[in-house]
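Heads up: the structure comes next, in C-alpha cells.
The values are calculated or read from the model by the stated rules, or taken from the named source; none is laboratory data. Since this is a predicted model, take the numbers as computed values, not measurements. Because the Cβ atoms are built from the backbone with ideal geometry, glycine has one as well, and the counts that use them run over all protein chains shown.
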Amino acid sequence: MGWRRWFQKDVLPFTAMVTVECTNVGLNVLFKAATLKGLSYYVFIVYSNLVATLVLLPLLFLFPNPRTGLPSFNLSLLLKVFLLGLIGFLADLCGYIGINYSSPTLDSAMSNLTPAFTFILAVFFRMESLALRSYSTQAKIMGTLVSISGALVVVLYKGPTILSTPSDPNPSPMLGTPPTNWVIGGLLCALQFLLNSTWYILQTHVMKAYPAEIVLVFLYNLCGTIISAPVCFIAETNLSAWRLRPDIALVAIIYSGCLGSSFGSLVHTWALHLKGPVYISIFKPLSIAIAAALSVIFLGDALSLGSVVGAIILSLGFYAVIWGKSKEEQMKPLPIGMGKAPLLESYKVENINTERERERERGASMAAVGRSFYRDVLPFTAMVTMECVNVGLNTLFKAATLNGMSYHVFVVYSYSIAAFVLIPAPFISHRSRVLPPLNFSIMSKVLLLGLIGSSSQIMGYTGINYSSPTLASAISNLVPAFTFILAIIFRLESAALRKRSSQAKILGTVVSLAGAFVVTLYKGPPIVFANQSQSLSLHQPLLNSTPTNPNWIVGGLLLTAEYILVPLWYIVQAQIMKEYPNELTVIFFYNVCVVAVSAAVALITEPNSSAWKLRPDIALLSVLCSGLFGSFLNNAVHTWVLRLKGPVFVTMFKPLSMAIAVAMGVAFLRDTLHLGSLVGATIISIGFYTVLWGKTKEEAGEESVPASLESPSTTHKAPLLQNYKNENSDEE
C-alpha cells in the first residue's frame, strides 16, 4: 500500500497541478482568440459557469460523499459559499477584461503575485505577525517587494520585440496592444489575483467547515452563475451576442466550463485540502512559458523584452516568498491555540490533530474517503480529461500535417519527448524492491508492445491525414468489438450462444462493424458547416482541407487497422503488467522501443532532411503536446486506470470523443459534419454500448459463481475484457 499512498499523495497532485496550469493557459489563449472574433466576456463568464454547473450536477449523484458526520448545510455556510461565488465572479471578470486589454502571457506573469498578495492580506487582517528579525519574515517581505517591482516592470515597460511568429515578424494591428490598454490590462490582472488570494483564504475556511469537494465546487459554480447572469444581462444588452454558433467562441465556453470552472476548481480544492496553499502556488511560474509559446504561435503576439524581464523578477520574488514560508513552517513550534497562525500554513500539524479527532469520532471514514476518491473520482476525471486531450492532439496533428509536417517524423519526435521525460522513472520507482528483474522475456514483450504501438500510431496518423479527427473518434469505438473478435479467434473467450451476454456481444460487434461501414463508405449531405468568416483557422492552408471521397475511404480503412492493433496492444500490455507491475518503467521502455522502431521506418520513408527540421509553428506545438500529453501522460493514465479499474472502464469513455472531435473539427479545421458521419457514429455507439452491456452482464454472472466451483478450463478462458477485480482485491 506504500506505493499507492505515495502515488496519491505525491505523483497525482503534481501531475494534476501541472495539467491544470496548462489547461488554464490554454483557456486564456482560447478566450483571447474568441474575443478577437467578437465574443463578449460577459457572455463567456455566464455560459462557462453554467456549463460547469451542468457538468458537476451528475457528479453529485455518481460520486456521493462517503463522509459521515458532515455538519448540516446552515445559513452561515451558505453565505460563505455565496461570498466565494461573488469573489470568484469578480476575479473572473477582472481577469478576462485584463486579458482582453493585454495578453495571456501578461496574465500568467501577474499570477505570480498571488503569494505576495496573500502575505499582505495576512498582515493586514492580523492573521500573521511580522517577526522582522526572522529570516523567513525577511524573505517574505523581500519577495513581496521584488514581486511588486516585477509586476510594475511587466506592466509599464514593454521594450523591444525578441520573439514573434516567423510568418509575420510584426504582429497584426488587430492583435497588437496599445500601451494604454496594456497598462489597464495589467492593473486588472493584478486586481484579479488580489481577489484570488482572498478567494483562497475563504475557500480554506469553508473546506474546514464542510470538507466535501464536489458539493462545494458545484455550489460555488451555481452561485457564480446566479450572480453573473443578472450583472452580465445588464452589461451586455445586445441579444445577438448571446447566440452561440459552432465556432471558436463555443469551443472556448465548453473548454472553460468542463476543464476550467469544473475540473480546475475540483483539482485546486482537492490539492488545497491534501497539500495546502503553498504547494498549489509553486506551479504558477510554469504558466508563463506555456502562455508565451501559445500566444506567439496562435495569437500572433510578439514577446517583448519587458515581459521576459518582468516575469523573471516576478518569479524570483515568488520563490522568495515561498522559501520564507517553507522556512517558517520548518522552524515554527506547534501552533495549537495560537490566534495568529500564518495564513499560508501547510496545515501539517492541524491536519494531524484533525485526523485524530475524526478517527475517534468516525473510525475509518477518512480511509473510505481517500479510497473512494482514488478509485472512483480520479479515474473518472482522468479518463474524461484524456479523451479531451486525445481529440485535441488529433486536431493539432491534422493542422500540422496540412501545413506540411510528415507523420513519420511526428511519431519519432513525439515519442522521443515522452521517453526523455520518463528517463528518471526506472530510478525513482517505489516498487524497485519487490519487482522481478527485467529479463529477456519481459523486454521482448515490451519490444513487441513497441512494434504494435508504432504500427498503430503510423496507421492512425496516416488515416487522420487522409480523413479527419472526427472519423478517427468514431472508428475508435470499434475497440470492444475487435477485442471480442480477437478473444474468440485466440480462444481467450468462449462464445456461449445461449447466454444473453454472448448474444449481446455478438450483436454489438455486428452493429459496430455496420456503423463503421456507414461512416467510411457513406458521407451524405452536409448538416453542419464551418463559419468561414468566424472560425479560427490554425493556419491559412486549412481552408482547402476537405478530403476527397477516395481519401476518406482509405483513411477509414487505415483507422480501422489501427483499432485492430489497439486491442492487441492492450493484451500484451496486460500480460506485461502482470509480470512487471510498474507503470512508469514499462511506459518508458515502451516509448524507447517505439522511437527505435519508428525512427528506422521514418529514415527510410522520409529521406528529405528538411522534413526533420522543426520551427516555432503549429508543427512544433503539435509535437510537444503529443509527447507530453499523448505519449507520456495519456499512456501513464491509461496504464494506471487499466490496472485500477480494468479495460471495460477505460473503453466506456470512447463515444465522448466524437462530440469533442466534431466541435474542434468545425471550429479549428473548418471541417463539415456530414450526415453519414453522424448516422455511422450513432450506430457504432449503439454497438459499442451493447458489447459493454454484454460484458458487464457476464462479469456480474461470474462474480456470483463461488470460486470453489470454477474449473481449470473456465479460469484458463478468462474473458479478455476482464475487470481485474479479483486481482485488485488481492493486492488490497
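If a residue must be part of a helix (DSSP H, G or I) and either among the charged types (D, E, K, R) or more than 20 Å from Ser626 (Cα to Cα) (or both), how many such residues does the range 571-599 contain? Give the derivation first.
Pass one, the range 571-599, residues part of a helix (DSSP H, G or I): 571-579, 583-599.
Applying the additional criterion that residues be either among the charged types (D, E, K, R) or more than 20 Å from Ser626 (Cα to Cα) (or both) yields 571-579, 583.
Summing the residues that are part of a helix (DSSP H, G or I) and either among the charged types (D, E, K, R) or more than 20 Å from Ser626 (Cα to Cα) (or both) in the range 571-599 gives 10.
Criterion first (of a type in the set (Phe, Trp, Tyr) and under 23 Å from the mean Cα position of the chain (by Cα)) does Tyr200 satisfy it? I'd like the intermediate steps shown before the answer.
Values: of a type in the set (Phe, Trp, Tyr): yes; under 23 Å from the mean Cα position of the chain (by Cα): yes.
So Tyr200 fits the description; yes.
State all residues of the range 134-177 that are modelled with pLDDT of 75 or more and charged (D, E, K, R); if no residue qualifies, say none.
Lys140, the sole residue that qualifies.
Go through the range 233-253 residue by residue and tally those that are surrounded by fewer than 21 Cβ atoms within 10 Å (Cβ to Cβ) and either in a helix (DSSP H, G or I) or charged (D, E, K, R) (or both). It would help to see each step written out before you state the result.
Restricting attention to the range 233-253, the residues satisfying the condition of being surrounded by fewer than 21 Cβ atoms within 10 Å (Cβ to Cβ) are 233-246, 250.
Next, only the ones that are either in a helix (DSSP H, G or I) or charged (D, E, K, R) (or both) stay: 233-236, 239-243, 245, 250.
Residues that pass the stated criteria total 11.
Pick out, from the range 400-500, the helices (runs of 4 or more DSSP H) lying fully within it that include 3 or more residues that are modelled with pLDDT of 80 or more, over 31 Å from the mean Cα position of the chain (by Cα) and surrounded by fewer than 22 Cβ atoms within 10 Å (Cβ to Cβ).
440-466
Does the range 607-614 contain any residue that is crowded, with 19+ Cβ neighbours inside 10 Å and part of a helix (DSSP H, G or I)?
No.
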